[in-house]
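The block underneath contains the structure these notes are about, expressed in structure tokens.
The values are calculated or read from the model by the stated rules, or taken from the named source; none is laboratory data. If you're wondering where the values come from, they're calculated on a predicted model, not measured in any experiment. Here the Cβ positions follow ideal geometry from the backbone for every residue, glycine too, while neighbour counts run over all protein chains shown.
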Amino acid sequence: MTDAAFTPRVFSGIQPSGGLTLGNYLGALKRFVEMQDAGTFECVYCMVDLHAITVWQDPEELRKNTREAAAAFIAAGIDPARSILFNQSQAPEHAQLAWIFNTVARMGWMGRMTQWKDKAGKNSENASLGLFAYPALMAADILAYHATHVPVGEDQKQHLELTRDIAAKFNHDYDVDFFPITEPVIEGPATRVMSLRDGTKKMSKSDPSDMSRINLTDDADTISKKFKKARTDPEPLPETYAELKDRPEARNLVDIFAALSGVSTDAVMAEHGGAGWGQFKPRLAEVAVEKMAPMTDEMNRLMADPGEIDRILGEGAGRAREIAAPILAKTYDIVGLIASK
Ligand code: AQP
């Protein structure tokens, strides 16, 4: 552990590797807004486009998805005047610090990452080097701001642990107390929203099946259709949440209901225990539409003016670099790199 005092600062990001999903909203965006509104932290939020290109992205789609993700942040409640909002590639300090961390992180650490194993699969020889080094860039995203806290979904826990390992090894190797040991913030009823087609897989923007996820741009009819067709077992809802232990699809729908309506899973069971899917799914769709429609409308409004989104991102990047540049310069100095005067 480090003793240095760090400004309470949050960093988190989302890959513009597709349109954002309800999983991204409940597991990340919603909590980003809560942390901004709590006022305890300086908040830095980022569309991590350099992460996205670790797997192939069509260039036009990437640009569109980056602007759409920015619109989703703002529509969900991120205020670009209070939080810093930008896309990663506009702050070159991320990639520069990532190179230093590539020399700190060990091959063995990277090889143990489950996201690497899942995404590279059996064809790891053919995966990009960037995909393998992904967690070092993520550590750079966070540590370029000396972020003390990172709100993420459950799936990112292992990468956060690796960020802590990189910070600790750097501090140890160079005998400094320079990088904070960042705390993950993984809380709330929907830290892991599952696919609507397979309760053992997380809901993901790059899943080939559009029916597996709710997109933040889906309209009311699409949302209703997707929940109606969501895979479940034939049994009605039990009386208690504990009885959903071995029913992942059913539990997922209850978790989503609780997270969207802002009540506990026990409260959902108290109201809907014993209900059949024909009753529960339309109610869930109603709750989802009620919560998401205003956000989708606002996203559409913002996306009609891409120039304004680019302006916001450019301004955010300028503010981000004011924090990251001196941290990178100090890192170079610690490492022994000669900086231009
Ligand atoms: N299903 C999920 N449930 C809860 N939280 C989730 N997050 C992602 N999916 C879920 C959280 O969203 C943040 C941004 O994630 P990301 O876009 O950087 O990468 P990811 O976790 O790999 O998300 P996807 O949607 O699965 O993207 P692809 O398909 O491109 O890999 C993170 O905080 C994550 O925890």
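Within this structure, Met211 passes the test of being modelled with pLDDT of 95 or more, surrounded by fewer than 21 Cβ atoms within 10 Å (Cβ to Cβ) and among the hydrophobic types (A, V, I, L, M, F, W, C). Once the stretch 1-29 is narrowed to residues that are in a strand (DSSP E or B) and near the ligand (Cβ under 8 Å from one of its atoms), the residue that is farthest from Arg164 (Cα to Cα) is Thr21. Annotation note: of Asp246, Asp221, the sole residue that is more than 16 Å from the ligand (Cβ to nearest atom), of a type in the set (D, E, K, R) and part of a helix (DSSP H, G or I) is Asp221.
Residue-wise test of (1) modelled with pLDDT of 95 or more; (2) among the polar types (S, T, N, Q); (3) loosely packed, with under 12 Cβ neighbours inside 10 Å; (4) more than 29 Å from Ala167 (Cα to Cα).
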position	(1), (2), (3), (4)
Met299	yes, no, no, yes
Leu302	yes, no, no, yes
Arg311	yes, no, no, yes
Gly316	yes, no, no, no
Ile327	yes, no, no, no
Lys341	no, no, yes, no
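May I ask you to verify whether Ala320 is surrounded by fewer than 18 Cβ atoms within 10 Å (Cβ to Cβ), in contact with a helix residue (DSSP H, G or I) (Cβ under 9 Å, 6 or more places away or on another chain) and in contact (Cβ under 8 Å) with a residue 12 or more places away in the chain? Taking the combined requirement at face value, the residue does not satisfy it. Close Cβ contacts (under 9 Å, 6 or more residues apart or on different chains) running from residues in the stretch 149-168 that are among the charged types (D, E, K, R) and modelled with pLDDT of 95 or more to residues that are in a helix (DSSP H, G or I) and surrounded by 22 or more Cβ atoms within 10 Å (Cβ to Cβ) comprise Arg164/Ala139; Asp165/Ala139. Here Ala144 clears all of (1) crowded, with 21+ Cβ neighbours inside 10 Å; (2) at pLDDT below 95 except the condition numbered (2). For the stretch 56-71, the set of residues classified as closer than 23 Å to Ala293 by Cβ and within 11 Å of the ligand (Cβ to nearest atom) consists of Asn65, Ala69, listed by residue number. One residue stands out in the stretch 30-55 among those that are assigned to a helix (DSSP H, G or I) and near the ligand (Cβ under 8 Å from one of its atoms): the one that is surrounded by the most Cβ atoms within 10 Å (Cβ to Cβ), namely Ala52. Filtered by the rule that a residue be of a type in the set (A, V, I, L, M, F, W, C), more than 14 Å from the ligand (Cβ to nearest atom), assigned to a helix (DSSP H, G or I) and buried (at least 16 other Cβ atoms within 10 Å of the Cβ), the stretch 157-193 gives Leu162, Ile166, Ala167, Phe170.
Could you please find all residues in the stretch 294-341 being of a type in the set (Ser, Thr, Tyr) and under 19 Å from Pro180 (Cα atoms)?
Thr331, Tyr332
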